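Undergrad: If you scroll down you'll find the structure; I have some questions about it.
The values are calculated or read from the model by the stated rules, or taken from the named source; none is laboratory data. All figures in this text were calculated on a predicted structure; none of them were measured in a lab. In this analysis, Cβ positions are derived from the backbone assuming ideal geometry, glycine residues included, and neighbour counts consider all displayed protein chains. Calculation scope for accessible area: heavy atoms of the full protein, side chains included, ligands and nucleic acids excluded. Shrake-Rupley method; radii C 1.70, N 1.55, O 1.52, S 1.80 Å.
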Amino acid sequence: MTMRIIYKPFNDNELVVCDLSTGAKFSSARARQGRNILEVSSASECKLGRHLSAMHLSIEGMCLESIYQGSKLFFGKNNEEWMELNGYKAKLACRNRGKPEGFRWGSLECSHRGSLWYDYLYIRSLRGYEEYLKILERYEGFLDIFSSTTKIACQAKTCKLIVEWNKAGKLVGCTDSFEKFESIWLEYARGGVK
């Protein structure tokens, strides 16, 4: 048994118990308990949940998960070769490396250790998928069966942020520049974007 979080827009998150030994899809179904919760992962029963997986989304033709893993800085250097791998292999290559010092992708750099960088990449990858934004508002929460309660980057958590920012009018154009995104994100982290 393991704990997972249901990220609920405009509400407190909810801890749920999952038994992953029964398989990801079954565990997700039990955790949702018939409620309108979207499982956001490659194992989702819902097509939208699979499409919103970091393994499926891309930026400039590169897998979002690969960009995120390859942009992590360890000992002052990133691992650009991981960006060429598929998302699963990039994630495995990065496992057991510890916490990154920051992130670098092309000319963009981020020294923040929270989910700022992941949230930026994730939301940026949704350019051209604006129809998903309204659909996300229909759900009462989001779950990523593969993301533990200790992980910093979580696609379900970012979906909660997307719904809240969209309602607050902060989502459109937020990824025009990393600096603009960072400013909004830091305001949100302090409780200012509602």
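Undergrad: Could you grab me the full set of residues in region 140-194 that are exposed (fewer than 15 other Cβ atoms within 10 Å of the Cβ), of a type outside the set (D, E, K, R) and more than 16 Å from the chain's Cα centre (by Cα)?
TA: Across region 140-194, the qualifying residues are ALA168, GLY169, VAL172, GLY173, SER177, SER183, LEU186, GLY191, GLY192.
Undergrad: Given the criteria within 18 Å of PRO9 (Cα to Cα) and touching a helix residue (DSSP H, G or I) at 6+ places or on another chain (Cβ under 8 Å), does LYS170 qualify?
TA: Values: within 18 Å of PRO9 (Cα to Cα): yes; touching a helix residue (DSSP H, G or I) at 6+ places or on another chain (Cβ under 8 Å): yes.
So LYS170 fits the description; yes.
Undergrad: Give ILE152, ILE145 a once-over and let me know the one that is of a type in the set (Val, Ile, Thr), touching a residue at least 12 places away in the same chain (Cβ under 8 Å) and within 16 Å of ASP119 (Cβ to Cβ). Write out each step before concluding.
TA: On the way: ILE145 fails: within 16 Å of ASP119 (Cβ to Cβ).
It is ILE152.
Undergrad: Cβ-Cβ under 6 Å, sequence separation 6+ or interchain: first residue in region 1-28 and farther than 17 Å from CYS159 by Cα and among the polar types (S, T, N, Q), partner modelled with pLDDT of 55 or more and open to solvent by less than 70 Å² (accessible area, probe 1.4 Å). Which pairs?
TA: From residues that are farther than 17 Å from CYS159 by Cα and among the polar types (S, T, N, Q), the pairs are THR2/CYS18; SER27/CYS18; SER27/ASP19; SER27/ILE145.
Undergrad: Quick one: in region 1-24, which of the residues that are at pLDDT 70 or above and in a loop (DSSP other than H, G, I, E, B) is least open to solvent (accessible area, probe 1.4 Å)?
TA: Checking each candidate, the answer is PRO9.
Undergrad: May I pose another question? For residues in region 46-64 being open to solvent by 10 Å² or more (accessible area, probe 1.4 Å) and either in contact with a Gly (Cβ under 9 Å, 6 or more places away or on another chain) or modelled with pLDDT under 85 (or both), which is farthest from VAL163 (Cα to Cα)?
TA: Looking at the filtered set, the residue picked out is MET62.
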